[in-house]
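Q: Please see the structure below; I have some questions.
The values are calculated or read from the model by the stated rules, or taken from the named source; none is laboratory data. None of these values were measured; they are calculated from a predicted model. With ideal geometry, Cβ positions are generated from the backbone for all residues, glycine too; neighbour counts draw on all protein chains shown. All accessible areas refer to the heavy atoms of the entire protein, side chains included, with ligands and DNA or RNA removed. Shrake-Rupley method; radii C 1.70, N 1.55, O 1.52, S 1.80 Å.
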Amino acid sequence: DSGVTQTPKHLITATGQRVTLRCSPRSGDLSVYWYQQSLDQGLQFLIQYYNGEERAKGNILERFSAQQFPDLHSELNLSSLELGDSALYFCASSVYRTGTFNEQFFGPGTRLTVL
Amino acid sequence: LAKTTQPISMDSYEGQEVNITCSHNNIATNDYITWYQQFPSQGPRFIIQGYKTKVTNEVASLFIPADRKSSTLSLPRVSLSDTAVYYCLVGPLGNRDDKIIFGKGTRLHILP
């Protein structure tokens, strides 16, 4: 158990819909990362937040957005869903100190199925 | 961030030593090499990290030659439970703009 929690575990929805994935980081971790993993694409970095502010952006679509709240939990919002958005979505957290290795601790993931 | 190249998949047998090599020809002076392991339907987890020569922990060893253009993750006496995807990452420590690139990793399949 990494200490990172994600809800829900599974989500089934229809094309065109909007969903929200939730992540609670490990106690003490200020940084949250979101990743998308589909069968043929490997693990794709989407976005990183640090203490409420966006820190780095990866291959995140404009239909997707995220935020980190004052209590440090984070939400990933996916809208106008398409079949291709079906994937495992992972959240990770780290302490994130500059000049040192920031091991990322991953949650169990949310499996999104778009029908 | 330095681009890495790993084999897509590997097979081995229980009890064998497995070596997975990662190429990173354009590694920078301040880059470190980190390996993560991902079991099916789970998030990746950190295995080992190094800068040069050899690093060993209770799970694996990491061998890095003097030119640092490649690295080898060594798993001693593997078991069926070592079947997983192994990712090699190269980048500076705590980089402000650390867009972590996991790539597709190496899918290791351990046979009985």
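Q: With loop defined by DSSP as not H, G, I, E or B, and exposure as at most 15 other Cβ atoms within 10 Å, which is the longest segment of chain A clear of exposed GluC sites (Glu not before Pro)?
A: A:1-61
Q: Given a cut-off of under 8 Å on Cα pairs at least six residues apart, what relative contact order in percent is computed for chain B?
A: The value is 36 percent.
Q: Here is a further query. Per residue, how large is the accessible surface of chain B? Use a 1.4 angstrom probe and give square angstrom.
A: 52 Å²
Q: How crowded by other chains is A:101-112, given as the mean number of beta carbons from other chains within 10 Å of each beta carbon?
A: Going residue by residue through A:101-112 and averaging, the value is 4.
Q: If you take every residue apart from A:PHE105 with its C-beta less than 11 Å away from the C-beta of A:PHE105, what net charge results, scoring Lys and Arg +1 and Asp and Glu -1?
A: Within the 11 Å Cβ shell, the charges total -1.
Q: Here's a follow-up. If you plug each phi of the range A:4-9 into the Karplus form 6.51 cos²θ - 1.76 cosθ + 1.60 with θ = phi - 60°, what whole-Hz ³J(HN,Hα) values come out, in order, with x for Gly and Pro?
A: Rounded to whole hertz, the list is 9, 10, 9, 9, x, 6.
Q: Next question. When the accessible area of the range B:21-110 is computed with all protein chains present and a 1.4 Å probe, what percentage of it is carbon and sulfur?
A: Of all accessible area on the range B:21-110, carbon and sulfur atoms account for 51 percent.
Q: Using only protein heavy atoms and a 1.4 angstrom probe, determine the accessible area buried between A and B, summed over both sides, in Å² to the nearest 100.
A: The contact between B and A buries close to 1800 Å².
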